[in-house]
Amino acid sequence: MSHTVEKIGGTSMSRVNQLADTLFIGSRKPDELYGRVFVVSAFGGITNLLLEHKKSGAPGVYAHFTNADSDQGWHDALNNVAREMRELNHQILEHPADIEQADAFVTERAHGARNCLIDLQRLCAYGHFRLSEHMLQIRELLAGVGEAHSAFVTTLMLQRAGVNARFVDLSGWRDEGDVTLDERIAKAMDSIDLQAEMPIVTGYAQCAEGLMREYDRGYSEVTFSRLAALTGAHEAIIHKEFHLSSSDPKIVGEDQVCKIGRTNFDVADQLSNMGMEAIHPKAAKTLRQADVPLRVTNAFEPDDPGTLIDDQPAESPAVEIVTGLDIVTLEVFEQDMVGVKGYDAKILEVLARHNVRIVSKVSNANTITHYLDTSLKTMRRVEKDIARAYPAAEITTRTLSMASVIGRDLSGLAVLSRGLTALADAGLSAIGASQGPRNVDVQFIVERDVLKSAIKAMHGAFIQPARPRLTNAA
């Protein structure tokens, strides 16, 4: 029998009691509960406390441990995480026996993590060992504590409600041996009857590849996609707190956006490029290669099918989403560039060395312009390195924004000219605009202070006249 693999993010997990009444159980009959595997993130805010705050950068246990001059900071931070986890136990669970089990779980994991970090400090007091060599392992150890806690508590909650839920811990806690991701998943799932059990799986998986080395905090989607591919799921589902919609409702208005409903992985990749990930690009690639379609739903609207993402082309050309991103432009002008190979290769090498993400680029005979997702601080270092390589070049950087019109098939829609007209009608102008031959996106470069107005203008031109409205979307 077929099954689904479904992922729940941290923000939604913080409302896990509501999910029990909708997503996990809801109005389903007992025989309809199973055939579903859930991959869960840590409860909202917990990973921030374990590592560092994703947006503000405020230090968590990891940051305190690796940067502080004394031990007090990380000990206090770990105590704070354990306290927050216990508070969540009491908020989510009702039966005293379940709360006792969950609190004991937190104590065991926090105590184990503390002892591990203390032992590592002692070891690195000897000259043959360097703490810097173990940073990735520390980060993964701490991240896994958060996912294991949320999966364990969710399992207890569901078992108390009569669901045959099973806690599946991929975090490698006290495991022996260093296995690959595929091996860890296969071993964990081997004895599970998917039609009679509901696996609650940790989003973090300890493996030889070291997921955080490449994906950092995007590891749960990698685990999710690999699990779906390896188990032959007929569909992979990501449950969010909102629908995947035609634009940001905070910009164009909640009564103006509409649910996308159906798109493909090409569009998903373009959204990732614009910093609006439906799924991590590498996770999307895994699903695509395994021929597993992806569905993005609103976790709190279980009767709505959400948006299906697969590998199929559009039945007819249409704009599906309008979004935007703040960028920094890097323009390198060199008169001697004409007809000479290698200029762009050197620039790319510098950008890669400074870990700068390229959103797009354009070039002509003597100028190469990269549109970058990075900070001005990093750009200053990039400029210096390029200036050393090309001392005669004129290097210019600007803070701008990019508005992008995206769809599976934009052919024949005159998106470039219509977009420029929409901007002009709104009293705006584009600094640059480009469209590739694949016809999946058109990019408009605008000043930062008009990005929201540009998105709103083009959303009105391309989507509102032809598509039904949908509230509660994002």
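Quick look at the numbers
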quantity	calculated
Computed lengthening from Gln312 to Glu94, 0.36 nm per intervening residue step minus Cα-Cα distance	73.9 nm
Pairwise label distance in nanometres, Arg353 with Thr180, each label 7 Å out on the Cα-Cβ vector	3.5
Å² of accessible area per residue within the chain, as computed with a 1.4 Å probe and no ligands counted	46
Length-normalised contact order for region 111-228 - Cα pairs under 8 Å, 6+ apart - percent	26
Simple label model, 7 Å out from Cα along Cβ direction - Phe129 to Asp216, nm	2.8
Cleavage-rule hits, GluC sites (Glu not before Pro), region 93-198, DSSP coil, Cβ neighbours within 10 Å at most 13	Glu94, Glu176
Overall Cα dimensions of the chain, principal axis frame, Å, largest first	71, 61, 35
Qualifying trypsin sites (Lys or Arg not before Pro) in region 169-211, DSSP loop, other Cβ atoms within 10 Å at most 16	Arg174
Lys29-Arg381 FRET efficiency (beta carbon distance; Förster radius 60 Å; 0.05 resolution)	0.50
Extension gain from Asp103 to Asp193, taking 0.36 nm per residue of separation minus the Cα-Cα distance	29.5 nm
Tilt relative to the chain, helix 72-92 - C-alpha long axis, 0 to 90 degrees, to 10	80
Additional length obtainable on full extension of the chain from Asp326 to Ser363, 0.36 nm per residue less Cα span	11.3 nm
Mean residue ellipticity (222 nm) of the chain, computed from DSSP H runs ≥ 4 via -39,500 (n - 2.57), nearest 500	-12500 deg cm²/dmol
Dipole of the chain [Lys/Arg +1, Asp/Glu -1 at C-beta], most positive-end residue of Asn364, Met379, Thr297	Asn364
Accessible-area composition of the chain, carbon plus sulfur, in percent [1.4 Å probe]	49
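The values are calculated or read from the model by the stated rules, or taken from the named source; none is laboratory data. Quick caveat: nothing in here was measured; it's all calculated off a predicted structure. Counting neighbours? That spans all protein chains shown, and the Cβs are built from the backbone with ideal geometry, glycine included. Quick note on the areas: whole protein, heavy atoms, side chains included, nothing else; ligands and nucleic acids left out. Shrake-Rupley method; radii C 1.70, N 1.55, O 1.52, S 1.80 Å.
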